[in-house]
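What follows is a short report on a single structure.
The values are calculated or read from the model by the stated rules, or taken from the named source; none is laboratory data. Please read all numbers here as calculations on a predicted model, not as lab measurements. Every residue, glycine among them, receives a Cβ derived from its backbone with ideal geometry; neighbour counts consider all protein chains shown. All accessible areas refer to the heavy atoms of the entire protein, side chains included, with ligands and DNA or RNA removed. Shrake-Rupley method; radii C 1.70, N 1.55, O 1.52, S 1.80 Å.
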Amino acid sequence: MMQKKDDAMILSEAIRLVGEGLEVTFPVNGRSMRPFIEGGRDSVVLVRPENVNVMDVVLAKTDDGRYVIHRVMEMAGDRVTLMGDGNLQGREHTECKQIYAKVTYVVHPNGYKRSLYTPFIQFVQKMWVSLLPLRRYLLKLYRVYIRIRNF
């Protein structure tokens, strides 16, 4: 198991490489981006965060010092509001300069790369965001589906 110090070193190296204009494939942990990104299974492709817009998925350092890969929900001047797709409530806040990468693809264990920017995926993501009041139930169904599929 990787220690926190190792995690920080790997993350800082990924941020450095992205800052130099390289594309970096980075494994993700956690469940905050379910159902679009499955932590512990999927990786994401990170690129330099040019032209970040509402609905983009980004790697950012929040005001409380945590690094997250979450969706941009709102932009107002320098301030950015983020929220994970798998979160039921709670949003993070950051500044534009604290966005270190933009996620362009989700990479599944079999190597398949799924773009986050096809018209269909963008439509589905917008629908998901609009269904925030129902997420509790939809995520419960998703967890049941995952358990059945892995049975």
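Which count do you get for residues in the range 83-103 that are acidic (D, E) and open to solvent by less than 50 Å² (accessible area, probe 1.4 Å)? The number of residues fulfilling the criteria is 2. Residues considered: E38, E13, E92. Of these, the only one that is acidic (D, E) and over 13 Å from the mean Cα position of the chain (by Cα) is E13.
Give the number of residues within the range 72-82 that are touching a helix residue (DSSP H, G or I) at 6+ places or on another chain (Cβ under 7 Å) and open to solvent by less than 60 Å² (accessible area, probe 1.4 Å).
Adding up the residues that qualify gives 1.
With the condition kept exactly as written, say whether any residue in the range 131-141 is surrounded by 14 or more Cβ atoms within 10 Å (Cβ to Cβ) and either polar (S, T, N, Q) or within 18 Å of E50 (Cα to Cα) (or both). Checked against the condition, which is being surrounded by 14 or more Cβ atoms within 10 Å (Cβ to Cβ) and either polar (S, T, N, Q) or within 18 Å of E50 (Cα to Cα) (or both), the range 131-141 yields no hits at all. Looking for something touching a residue at least 12 places away in the same chain (Cβ under 8 Å) and touching a helix residue (DSSP H, G or I) at 6+ places or on another chain (Cβ under 8 Å) - is there at least one such residue anywhere in the range 102-114? The answer is no, given that none of the residues of the range 102-114 is touching a residue at least 12 places away in the same chain (Cβ under 8 Å) and touching a helix residue (DSSP H, G or I) at 6+ places or on another chain (Cβ under 8 Å).
Please work out if Q98 is closer than 22 Å to S12 by Cα and polar (S, T, N, Q).
So Q98 passes the test.
Is the range 89-99 home to any residue that is of a type in the set (S, T, Y) and in contact with a helix residue (DSSP H, G or I) (Cβ under 6 Å, 6 or more places away or on another chain)? No.
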